[in-house]
Amino acid sequence: MPSSFPGPEVMRDDRVVIAVRNCPKPPPTRSTLTLSAINTAAEVWLVVAGQAKAAAVAAALSGADAQAVPAAGVHRVTATRWWLDAPAASEVSPGVDDS
């Protein structure tokens, strides 16, 4: 499962997979799909768990800048599905629809 962190390389690179260095969480070097690759998928699933992700989920679903919150830059071809546990969804405003 790819992880994406804020940064210009994930946003602007047209390759499918890139190396990302100096990640804020271990491992510090990893590979990730770029947004251009993710956004070509017919369906994208975002699986998010935990209170630590609640602010990022709420920001992404509220139209945050994708440079700051990469998940906000995900735009489905057919469908984007958010799979959240209760703590991850705790800061989402009622009625938010990502359609």
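The values are calculated or read from the model by the stated rules, or taken from the named source; none is laboratory data. Just so you know, these numbers come straight off a predicted model, no measurement behind them. Methodologically, a virtual Cβ is constructed for each residue, glycine included, from the backbone with ideal geometry; neighbour enumeration extends over all protein chains shown.
Within segment 57-97, the set of residues being under 18 Å from A37 (Cβ atoms), in contact (Cβ under 8 Å) with a residue 24 or more places away in the chain and in a helix (DSSP H, G or I) comprises P70, A71, G73. On the basis of being in contact with a strand residue (DSSP E or B) (Cβ under 9 Å, 6 or more places away or on another chain), aliphatic (A, V, I, L, M) and surrounded by 15 or more Cβ atoms within 10 Å (Cβ to Cβ), does V57 make the cut? For V57, the condition - in contact with a strand residue (DSSP E or B) (Cβ under 9 Å, 6 or more places away or on another chain), aliphatic (A, V, I, L, M) and surrounded by 15 or more Cβ atoms within 10 Å (Cβ to Cβ) - is met. All of (1) exposed (fewer than 12 other Cβ atoms within 10 Å of the Cβ); (2) under 20 Å from K25 (Cα atoms) hold for V69 with one exception: (1).
For (1) out of contact with any strand residue (DSSP E or B) (no Cβ under 8 Å at 6 or more places or on another chain); (2) surrounded by fewer than 18 Cβ atoms within 10 Å (Cβ to Cβ); (3) of a type in the set (D, E, K, R), each residue gets a yes or a no:
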{"position": "P24", "(1), (2), (3)": "yes, yes, no"}
{"position": "S31", "(1), (2), (3)": "no, yes, no"}
{"position": "S36", "(1), (2), (3)": "yes, yes, no"}
{"position": "N39", "(1), (2), (3)": "yes, yes, no"}
{"position": "A49", "(1), (2), (3)": "no, yes, no"}
{"position": "A52", "(1), (2), (3)": "yes, yes, no"}
{"position": "A64", "(1), (2), (3)": "yes, yes, no"}
{"position": "R81", "(1), (2), (3)": "no, yes, yes"}
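Annotation: K25 fulfils all but one of (1) of a type in the set (D, E, K, R); (2) closer than 25 Å to A86 by Cα; (3) modelled with pLDDT of 85 or more; the unmet one is (3).
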